[in-house]
Amino acid sequence: MSLRNPLTTACTTGILVAAVLGLFLQACGAPKPSAGSPQKNSRRTMTSAAGPQAETEALRAQARALESRVRKLEAATNRAYPGGPVILVDTSKSKIRLMLGERVIAEGTCSSGNGMELSDSTGKRSWTFDTPRGYFRVLSKVTNPVWVRPDWSYIEEGEPIPKDRSKRAEPNVLGDYAIAFGNGYFIHGTLYTRLLGANVTHGCIRVDDLTLKKLYAAAQPGTPIWIY
Amino acid sequence: MNRQEIIIHRGTMIRTLALGLTAVAVLLLSFILFCRSRQVASGPSLSEDQQLRERIAALSRQEKLLSTELTLAKNPAPYIAIDIAGRRMELRVQGRSLRSFPIAKIKRSDTEAFITQTWLLMEAKPWENPERARVVPGSGEATSSSIATRDPWGPKRMPADFDLICKDDRALEVRSLPSTQSGNRFTRWFGSGYRQVRDWARDVFSRRRRDYREFIEIWLAEEDAQLLFWSLPKQIPILLVN
């Protein structure tokens with residue numbers, strides 16, 4: 001390269017000046033190694049004499065540890081929800097759903113309690129026909145269930161209450177299947193399918209035959225039922 | 001200028017241009033190195049520390065919330081979660097939401113700082129009990145069904161203003177604002193004002209709050225308040241998240 005050209009000379013000088021300036025700046029600005037550098041001692045506290053870098057590193061480590069704990073807690077909360085089938089009954093919309101995790105396996109229209117009150121002639125006994133809310137479990141499953149009429153049914157119909165339990169049995173009114181969930185409450189079928197979707201029951205949950213069949217097949221004793 | 005001179009001149013131009021570009025590149029590189037070395041020397045900027053602190057605070061809050069919720073979620077019974085800052089109320093089971101209600105307004109008796117608290121509902125006390133139809137003995141199931149179909153039992157017949165009396169003299173007071181779907185803006189505004197004055201007057205005259213160690217007043221849309229009352233089991237834990 002010829003240095004006779006003045007432009008070339010100027011550029012070469014510029015490069016040299018820039019390189020020297022760069023090295024100078026680098027030398028001035030470079031961090032001085034210290035005994036407490038975060039790489040060597042990252043467990044120092046935030047008030048460490050190691051300076052702001054150590055403090056930041058400690059904050060980062062704290063955030064990482066918290067993130068890990070939060071992830072574990074989220075996973076544990078997700079695991080709390082049953083992986084098997086569950087039955088959800090939304091009484092406000094008269095909908096019953098059989099779920100497997102987030103998936104809806106079956107959905108149908110149901111009927112729940114009519115909210116009415118009944119008292120016997122003495123006024124000593126009274127009933128409120130509500131469907132209970134909350135958590136229940138499938139206690140048993142019955143094929144071709146027979147309804148054992150309770151006292152209120154006789155009072156409602158104005159019939160004498162039989163003393164013999166066997167006289168209370170009434171087959172073919174609860175559909176093909178019944179799923180018991182405690183205190184005399186059942187999920188069962190109905191003869192009055194046109195009333196499905198209206199709250200007309202005495203507390204049990206009535207569903208259509210097809211949905212009932214799917215519920216019966218999937219539910220096992222212990223299957224959770226949430227009514228809300 | 002002959003052909004040889006032209007070639008020499010062009011070569012000089014190219015070399016000059018290349019050298020100029022190299023000079024600019026070296027200067028730029030030096031500047032970047034300088035800035036980086038300055039940054040390393042002074043440590044990360046304050047804003048990064050601030051961001052980290054904020055993130056840690058948010059994560060700590062989430063950790064506390066999740067660990068409290070996990071305790072409730074291990075039990076299959078439903079619970080209510082109220083996010084005070086997020087103004088949302090949810091009916092949940094085992095970490096899943098069954099119903100969700102936006103909260104319009106919240107008033108609290110205390111200013112005590114807490115991340116989470118769990119209250120236990122003992123009794124739901126409505127201002128007015130819902131009217132229930134009575135079955136006349138001997139009328140028969142067909143008559144009952146007919147009445148139930150004509151005047152259906154459902155959330156719309158539930159009270160919209162009620163107190164959820166909790167264990168340890170705590171109360172969650174649920175109050176209703178006119179439904180967002182009802183009337184026009186003016187009637188809703190007027191209805192909202194009326195209800196708030198009514199609640200204030202009731203509070204002044206009944207002095208019921210003297211009985212409560214702590215209370216939280218929550219204002220929901222009317223249909224949400226009714227749906228909440230409709231969905232409530234007899235006892236339910238209430239998780240409050242600040």
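Here is how the numbers come out for the structure above:
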quantity: Test: residue in segment B:50-69 that is free of Cβ contacts under 8 Å to residues at least 40 places away in the same chain and not in a helix (DSSP H, G or I); calculated: no
quantity: Members of segment A:82-99 that are touching a residue at least 24 places away in the same chain (Cβ under 8 Å) and assigned to a strand (DSSP E or B); calculated: A:Pro85, A:Val86, A:Ile87, A:Leu88, A:Val89, A:Asp90, A:Ile96, A:Leu98
quantity: Pick from segment A:180-201, criterion touching a helix residue (DSSP H, G or I) at 6+ places or on another chain (Cβ under 7 Å) and in contact (Cβ under 8 Å) with a residue 60 or more places away in the chain, ranking: farthest from B:Gly154 (Cα to Cα); calculated: A:Ile187
quantity: Output for segment B:82-99, where each listed residue is over 10 Å from the mean Cα position of the chain (by Cα) and surrounded by 12 or more Cβ atoms within 10 Å (Cβ to Cβ); calculated: B:Leu91, B:Arg92, B:Val93, B:Gln94, B:Gly95, B:Arg96, B:Leu98, B:Arg99
quantity: Single residue of segment A:102-149 satisfying the filter (more than 33 Å from the chain's Cα centre (by Cα) and basic (Lys, Arg)) that is nearest to B:Ser144 (Cα to Cα); calculated: A:Arg149
quantity: A:Glu67 modelled with pLDDT under 95 and either of a type in the set (A, V, I, L, M) or surrounded by fewer than 19 Cβ atoms within 10 Å (Cβ to Cβ) (or both); calculated: no
quantity: Residue in segment B:193-242 that is nearest to the other protein chains (Cβ to nearest Cβ), counting only those that are more than 22 Å from the chain's Cα centre (by Cα), of a type in the set (S, T, N, Q) and closer than 28 Å to B:Ala113 by Cα; calculated: B:Gln235
quantity: Of all residues making up segment A:171-183, the number that are out of contact with any Leu (no Cβ under 8 Å at 6 or more places or on another chain) and modelled with pLDDT of 95 or more; calculated: 2
quantity: Segment B:111-124: number of residues that are exposed (fewer than 14 other Cβ atoms within 10 Å of the Cβ) and under 22 Å from A:Phe129 (Cβ atoms); calculated: 1
quantity: Residue that is surrounded by 17 or more Cβ atoms within 10 Å (Cβ to Cβ) and touching a Cys at 6+ places or on another chain (Cβ under 6 Å), where the choices are A:Tyr228, A:Tyr185, A:Tyr177; calculated: A:Tyr185
quantity: Subset of segment A:111-120 that is in contact (Cβ under 8 Å) with a residue 24 or more places away in the chain and in contact with a helix residue (DSSP H, G or I) (Cβ under 8 Å, 6 or more places away or on another chain) - its residue that is farthest from the other protein chains (Cβ to nearest Cβ); calculated: A:Ser111
quantity: Test: residue in segment B:144-159 that is facing chain A (nearest Cβ under 9 Å), outside any loop (DSSP other than H, G, I, E, B), surrounded by 14 or more Cβ atoms within 10 Å (Cβ to Cβ) and of a type in the set (Lys, Arg); calculated: yes
quantity: Residue within segment B:200-212 that is within 30 Å of B:Lys64 (Cα to Cα) and in contact with a helix residue (DSSP H, G or I) (Cβ under 8 Å, 6 or more places away or on another chain) present; calculated: yes
quantity: Single unsatisfied condition, A:Ala65 versus (1) under 36 Å from the mean Cα position of the chain (by Cα); (2) facing chain B (nearest Cβ under 7 Å); calculated: (2)
quantity: Scan of segment A:182-228 for residues that are closer than 12 Å to A:Val142 by Cβ and in a strand (DSSP E or B), ordered by number; calculated: A:Phe186, A:Ile187, A:His188
quantity: Hits in segment A:100-111 - residues which are surrounded by fewer than 19 Cβ atoms within 10 Å (Cβ to Cβ) and either in a helix (DSSP H, G or I) or among the hydrophobic types (A, V, I, L, M, F, W, C) (or both); calculated: A:Leu100, A:Val104, A:Ile105
quantity: Considering residues of segment A:80-98 that are modelled with pLDDT of 95 or more and within 10 Å of chain B (Cβ to nearest Cβ) only, the residue farthest from B:Ser100 (Cα to Cα); calculated: A:Val86
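The values are calculated or read from the model by the stated rules, or taken from the named source; none is laboratory data. Just so it is clear, the model here is predicted, and its values are computed rather than measured. FYI the Cβ positions are ideal-geometry reconstructions off the backbone, even for glycines, and counts take in every protein chain you see.
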